[in-house]
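Here's the structure we're looking at; comments come further down.
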């Protein structure tokens, strides 16, 4: 099912530290994926998903199975960036999350256009299992 969403995406602010940059003074490409991971985790937390309870009590996990990124402009040391997360597609056992990174605000310069596909797995068998509708209920409204 494709999810239609007119609301603004979830936003997570990140300050670029010196340790995030490479020898040229721009954010090292792999660190954008770290920023995206943090935003997804905080988005799930905001939806009420307790990932520790999910694995310990229900034996379920989220696993990234595909990622994409179009690096539009570089972020630099001390930049304030906004990392977004928005559910765009939900299937039986996978979901797609659009993730973009902007300078300063959603109205700021687009730095990265990307996203991920994640699978919902049984932690013991590592096999796909049905995503409970309740996880993304708030996002679909």
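The values are calculated or read from the model by the stated rules, or taken from the named source; none is laboratory data. What you are looking at is a predicted structure, and each value in this text was computed from that prediction instead of being measured. Neighbour counts are summed over all protein chains in view; Cβ atoms, including those assigned to glycine, are modelled from backbone coordinates with ideal geometry.
A compact table of results
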| quantity | calculated |
| --- | --- |
| Test for residue 117: is it farther than 30 Å from residue 78 by Cβ, free of Cβ contacts under 8 Å to residues at least 60 places away in the same chain, over 17 Å from the mean Cα position of the chain (by Cα) and not in a helix (DSSP H, G or I) | no |
| Only listed residue being without any contact (Cβ under 8 Å) to a residue 24 or more places away in the chain and touching a strand residue (DSSP E or B) at 6+ places or on another chain (Cβ under 7 Å), chosen from 107, 96, 20, 50 | 96 |
| Meets criteria (under 14 Å from residue 114 (Cα atoms) and at pLDDT 95 or above) for residue 75 | no |
| Of all residues making up region 71-94, the number that are within 28 Å of residue 19 (Cα to Cα) and either more than 15 Å from the chain's Cα centre (by Cα) or in a loop (DSSP other than H, G, I, E, B) (or both) | 10 |
| Candidate set from region 18-72 (those that are more than 18 Å from residue 131 (Cα to Cα) and modelled with pLDDT under 95); member that is surrounded by the fewest Cβ atoms within 10 Å (Cβ to Cβ) | 23 |
